[in-house]
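The values are calculated or read from the model by the stated rules, or taken from the named source; none is laboratory data. These numbers come from a predicted model, not from an experiment. Quick reminder, even Gly has a Cβ in these numbers, built from the backbone with ideal geometry, and neighbours come from all protein chains shown. Note: areas computed on protein heavy atoms with side chains; ligands, DNA, RNA excluded. Shrake-Rupley method; radii C 1.70, N 1.55, O 1.52, S 1.80 Å.
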Amino acid sequence: QVQLVESGGGLVQPGGSLRLSCAASGITFSIYAMGWYRQAPGKDRDLVAAITTGGTTNYADSVKGRFTISRDNAKNTVYLQMNSLKPADPAVYYCTVVPGTEPYWGRGPPVTVSS
């Protein structure tokens, strides 16, 4: 059974930083690309960042230069380092993997940016 367990969300002031973690189980983590999506209230779930098995990364234009996705295959964990957080960044952030034909999602830690 595939499980994605995220941690690291919370409240941060504008300009602050947070690091999200997503620990995967039930899959051979190292052979799958991983991604982070986010969804704000009333909006679609959008891709934030993705990382391939070889470490190639891809980012939404809105987070380029501020967010960094990385992975540790030894720990079956993918990370999202979020710096210079803006008022436009608050959302629920979801970790995802597609080991077959359907995606699996974590429960999504909320991120709030407020002074």
Of the residues in segment 25-51, those that are surrounded by 13 or more Cβ atoms within 10 Å (Cβ to Cβ) and in a loop (DSSP other than H, G, I, E, B) come to GLY26, ILE27, TYR32, ALA33, ALA40
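Only one residue in ARG71, ARG66, ARG107 is over 16 Å from GLY8 (Cα atoms) and basic (Lys, Arg), so which one is that? Before you say what the answer is, go through the steps one by one.
Values: ARG71 fails: over 16 Å from GLY8 (Cα atoms); ARG107 fails: over 16 Å from GLY8 (Cα atoms).
So the residue among ARG71, ARG66, ARG107 that is over 16 Å from GLY8 (Cα atoms) and basic (Lys, Arg) is ARG66.
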Residue list for segment 58-70, restricted to those being in contact (Cβ under 8 Å) with a residue 12 or more places away in the chain and either of a type in the set (A, V, I, L, M, F, W, C) or surrounded by 15 or more Cβ atoms within 10 Å (Cβ to Cβ) (or both) = ALA60, VAL63, ARG66, PHE67, THR68, ILE69, SER70
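Give me the residue from segment 71-91 that is of a type in the set (A, V, I, L, M) and open to solvent by less than 60 Å² (accessible area, probe 1.4 Å) and, out of that set, nearest to GLN3 (Cα to Cα).
Here is the first cut: in segment 71-91, the ones of a type in the set (A, V, I, L, M) are 74, 78, 80, 82, 85, 88, 91.
Within this subset, residues satisfying the condition of being open to solvent by less than 60 Å² (accessible area, probe 1.4 Å) are 78, 80, 82, 85, 91.
Numbers: VAL78: 13, LEU80: 18, MET82: 23, LEU85: 28, ALA91: 21 Å.
So the residue we want is VAL78.
Assess whether THR112 counts as being among the hydroxyl-bearing types (Ser, Thr, Tyr), open to solvent by 50 Å² or more (accessible area, probe 1.4 Å) and in a loop (DSSP other than H, G, I, E, B). Walk me through it before giving the result.
Working: among the hydroxyl-bearing types (Ser, Thr, Tyr): yes; open to solvent by 50 Å² or more (accessible area, probe 1.4 Å): yes; in a loop (DSSP other than H, G, I, E, B): no.
In short, no.
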Hey, among the residues in segment 93-109 that are open to solvent by 40 Å² or more (accessible area, probe 1.4 Å) and either in contact with a Leu (Cβ under 7 Å, 6 or more places away or on another chain) or aliphatic (A, V, I, L, M) (or both), which one's nearest to LEU18 (Cα to Cα)?
-> TRP105
Considering only residues of segment 90-115 that are free of Cβ contacts under 8 Å to residues at least 40 places away in the same chain and not small (Gly, Ala, Ser), which is farthest from LEU47 (Cα to Cα)?
-> THR101
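Check TYR59, TYR79 and return the single one that is under 16 Å from PRO109 (Cα atoms), among the hydroxyl-bearing types (Ser, Thr, Tyr) and at pLDDT 95 or above. So that I can check it myself, show each step before the final result.
Numbers: TYR59 fails: under 16 Å from PRO109 (Cα atoms).
Matching residue, one of TYR59, TYR79: TYR79.
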